[in-house]
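Please treat every number below as a calculation from the coordinates, not as lab data. Bear in mind the structure is a predicted one, so any value in this text is a computation, not a measurement. Reconstructed Cβ throughout: ideal geometry from the backbone, glycine too, with neighbour counts over all protein chains shown.
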Amino acid sequence: MRVSADRDVCVVSSLCVYRVPEVFDQDEEGRVKVVDRTPPAELATEVRRAAQGCPTRAIRIEDSGAEDRR
Ligand code: SF4
């Protein structure tokens, strides 16, 4: 799994940061920062939920195909 985020459309809701602080943080303006672009497989489900829960769909996930897809 590779994670990225479009900071131009992030609306500073902080939802992803609360959900997966190991992967998402915020800059001084509150916009999302991806701090781990290749998170471990055990975080994959939570990262997917964070992406689905982002109100502006700012989070992008590319699958390597190796993780649990639940
Ligand atoms: S959930 Fe989406 S809008 Fe909210 S901080 Fe994260 S990337 Fe930005």
Item checked: Cα-centred dipole magnitude for the chain, charges only on beta-carbon of K, R (+1) and D, E (-1), debye, nearest 20 -> 280
Check: What list do you get for Cys54, Cys16 if you sort them by fewest beta carbons within 10 Å?
Finding: Cys54, Cys16
Next item on the list: Could you pull the Cα extents of the range 2-62 along its three principal axes, largest to smallest, in whole Å?
Entry: 29, 19, 18
Margin query: Show me the ranking of peptides 36-45, 23-32 by mean Cβ neighbours inside 10 Å, starting with the highest.
Written below: 23-32, 36-45
Notebook entry, point to check: Residues with beta-carbon under 12 Å from that of Arg60, excluding Arg60: net charge, scoring Lys, Arg +1 and Asp, Glu -1?
Noted result: +2
